Amino acid sequence: MTAAVPILRAEGISKNYGSKAILKEVSLALDRGEVKVLIGPSGAGKSTLLQCLNLLVMPDAGRIWLEGREVDRSRRKGLYGYRRQVGMIFQDFNLFDHLNALENVRIALVRVKKMDRDAARERAMNELAKVGLQDHADKYPAQLSGGQKQRVSIARALAMDPKIMLLDEPTSALDPELIGEVMIVIRDLVQAGMTMIMATHQIGFAATLADEMIFMEDGAVIEAGPPAKLMTAAECERTRAFCSKIGELYGESA
Amino acid sequence: MGEWFYLEHEMLPALLRGLWVSLGLIAPAAAAGLVLGIGVASARVYGARPLRSLASIYTVLFRGVPLVVQLFIWYFGLPHVGVYLSPYIASVVAFSLCSAAYHSEYIRGALLSIKRGQMQAALALGFTRFQGIRSIILPQALRRALPGCGNEIIYLIKYSSLAYMVTCIELTGEAKILASHSFKYTEVFLVVGVLYLAMVSIAGRVLGAVEARLSLPGFERHRL
Ligand SMILES: Nc1ncnc2c1ncn2[C@@H]1O[C@H](COP(=O)(O)OP(=O)(O)OP(=O)(O)O)[C@@H](O)[C@H]1O
Ligand SMILES: [Mg+2]
């Protein structure tokens, strides 16, 4: 495998709900360590795209390659194996409510990776420590703050050693004072070289991390480029309008 | 024959014998009913279409047909197709299948109350659907379904008395025989009533203890 092969490549991803086209032949590719940020108005299809990339939602058309190998989604084994290598962070965390923080991180190691219990426990503890939650290992989701929950969910995804992470508005459900702690974890992740696609409305924060920003609207990629270019000198009028509006909305310099 | 003599040497031994038979009906039927109910509910919520329809038909049938009729079918009906069940086995089968249909309703409701994101998160980690149901969805759903399922077990204790209709002589059956021989209907059935009450109270205690044991932060039952 040469360095030129992208970690993840998707071609012509389309999705319809009923007669409505939600995604219209979206294509993208990420190299190792690359960070791409998805922006766009509500309903643009960002979440749907991320879920299609993880095959949590089956696209109606399109092909996906992981490290140059096409994902055969007609075969269950291929599908489950693929999802395991792609980490997913949800807007509303989706921690397993009946498991404490440690068990949340550990369960997939035991059930999916078939690690033995003690090794899985140790690994889970390490991942929790990395997001600063080693002291909260035995707390249940109902006992954690939103920011802590999202950090546990990041630890849970990282424990699987994903090749790429998909983050769907990881800070949108958080109170303003809790956003920072999650951003720090994400920034550390980027600095550690994780490949990722993140949908977000925090475009100021995203701009500092992203190699490329992708502006989506009505299920299609309107414009993509370096953050500085997209936010200040976008070619497309709609991109510019969106960036300036969202900049005002979130009080960030756009 | 003195009252005490009758009580000690005829009534109590007979009723205790009946009580054992009752417990022998209730315990396996409760366990089998719950396990089958979990399967039926999971099939109804997560099964492929044919399985889902089959499970729905099951529930409609076994909740809709009176239990006595079901008992008769297992005991008197099956021999017509060459299957002979003992009164005891016919009763356990009937109670288990009927109980499962009710359990499945409570569990189905609980399964539907679990947020979609739980399964999504499991799938995103590489769980198969079956693994997701088993290790993520069911442990949560069963905690929520526990009060309903407990109720169903309490009912089972009481409808187990129908077994005497197919000549499985359990507590109520023994009582009937005793009473018709001695004409001491009031005394005999008073004692029987107390015994059922005791069984139900003990079951209630046990279920309460199980609920407390399985309670987790976020799954407590709040008494407002
Ligand atoms: N399961 C579904 N069934 C029908 N329509 C859906 C479904 N999921 C999403 N949609 C529709 O698809 C469109 C895109 O939704 P999506 O959640 O991907 O947008 P988004 O860009 O993530 O928006 P937001 O910023 O609000 O999260 C919306 O119009 C939505 O109503
Ligand atoms: Mg979204």
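The values are calculated or read from the model by the stated rules, or taken from the named source; none is laboratory data. Keep in mind it's a predicted model, so treat the numbers as computed, not measured. Cβ atoms come from the backbone with ideal geometry, glycine included; neighbour counts cover every protein chain shown. Ligands, DNA and RNA are stripped out before the accessible areas are found, and what is left, the full protein with its side chains, is counted by its heavy atoms. Shrake-Rupley method; radii C 1.70, N 1.55, O 1.52, S 1.80 Å.
Of all residues being in a helix (DSSP H, G or I) and among the polar types (S, T, N, Q) in segment B:99-149, which is most open to solvent (accessible area, probe 1.4 Å)? Just the residue, please.
For segment B:99-149, the residue satisfying everything is B:113.
The condition of being at pLDDT 95 or above and crowded, with 19+ Cβ neighbours inside 10 Å holds for only one of B:60, B:35, B:21, B:65, that being B:21.
Would you check if residue A:38 is part of a loop (DSSP other than H, G, I, E, B) and within 16 Å of ligand 2 (Cβ to nearest atom)? So that I can check it myself, show each step before the final result.
Values: part of a loop (DSSP other than H, G, I, E, B): no; within 16 Å of ligand 2 (Cβ to nearest atom): yes.
Here the answer is no, as residue A:38 does not meet what is asked.
Within the set B:86, B:53, B:91, the sole residue that is of a type in the set (Ser, Thr, Tyr) and surrounded by 22 or more Cβ atoms within 10 Å (Cβ to Cβ) turns out to be B:91.
Here's the yes/no breakdown for (1) within 14 Å of another protein chain (Cβ to nearest Cβ); (2) farther than 25 Å from residue B:201 by Cα; (3) in contact with a Pro (Cβ under 9 Å, 6 or more places away or on another chain):
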position: B:137; (1), (2), (3): yes, yes, no
position: B:151; (1), (2), (3): no, no, no
position: B:170; (1), (2), (3): no, no, no
position: B:183; (1), (2), (3): no, yes, no
position: B:188; (1), (2), (3): no, no, no
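Kindly establish whether residue A:75 is over 14 Å from the mean Cα position of the chain (by Cα), surrounded by 16 or more Cβ atoms within 10 Å (Cβ to Cβ) and more than 15 Å from ligand 1 (Cβ to nearest atom). Against the criterion (over 14 Å from the mean Cα position of the chain (by Cα), surrounded by 16 or more Cβ atoms within 10 Å (Cβ to Cβ) and more than 15 Å from ligand 1 (Cβ to nearest atom)), residue A:75 does not qualify.
In segment A:189-231, counting only strands (runs of 3 or more DSSP E) that sit wholly within it, the ones holding 2 or more residues that are open to solvent by 30 Å² or more (accessible area, probe 1.4 Å) span A:212-217, A:220-225.
Hey, any hits in segment A:12-19 for a residue that's within 16 Å of ligand 2 (Cβ to nearest atom), more than 9 Å from chain B (Cβ to nearest Cβ), hydroxyl-bearing (Ser, Thr, Tyr) and surrounded by 15 or more Cβ atoms within 10 Å (Cβ to Cβ)?
Within segment A:12-19, the first condition is being within 16 Å of ligand 2 (Cβ to nearest atom), and the residues that meet it are A:13, A:15, A:17.
In the following step, the residues that additionally are more than 9 Å from chain B (Cβ to nearest Cβ) were identified as A:13, A:15, A:17.
From the residues that got through so far, the ones that are hydroxyl-bearing (Ser, Thr, Tyr) too are A:17.
Filter once more, keeping what is surrounded by 15 or more Cβ atoms within 10 Å (Cβ to Cβ): none.
No.
Looking at A:79, A:95, A:102, A:128, which is the one that is facing chain B (nearest Cβ under 10 Å), hydrophobic (A, V, I, L, M, F, W, C) and part of a helix (DSSP H, G or I)? Before you say what the answer is, go through the steps one by one.
On the way: A:95 fails: part of a helix (DSSP H, G or I); A:102 fails: facing chain B (nearest Cβ under 10 Å); A:128 fails: facing chain B (nearest Cβ under 10 Å).
The match here is A:79.
Just to be sure, is residue B:157 open to solvent by less than 20 Å² (accessible area, probe 1.4 Å) and touching a helix residue (DSSP H, G or I) at 6+ places or on another chain (Cβ under 7 Å)? When the stated conditions are applied, residue B:157 passes them. Selection of segment A:42-58 for residues being more than 16 Å from residue A:91 (Cβ to Cβ) and open to solvent by 10 Å² or more (accessible area, probe 1.4 Å) yields only A:58.
Does residue A:89 fit the bill of being more than 8 Å from every other protein chain (Cβ to nearest Cβ), buried (at least 22 other Cβ atoms within 10 Å of the Cβ) and within 22 Å of the chain's Cα centre (by Cα)?
Judged against the criteria, residue A:89 is a match.
Every residue, every condition in (1) open to solvent by 10 Å² or more (accessible area, probe 1.4 Å); (2) more than 16 Å from ligand 2 (Cβ to nearest atom), yes or no:
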| site | (1), (2) |
| --- | --- |
| A:105 | no, yes |
| A:119 | yes, yes |
| A:136 | yes, yes |
| A:161 | yes, yes |
| A:174 | yes, no |
| A:187 | yes, yes |
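Being without any contact (Cβ under 8 Å) to a residue 60 or more places away in the chain, touching a helix residue (DSSP H, G or I) at 6+ places or on another chain (Cβ under 8 Å) and not β-branched (Val, Ile, Thr) holds for only one residue in B:43, B:14, and it is B:43.
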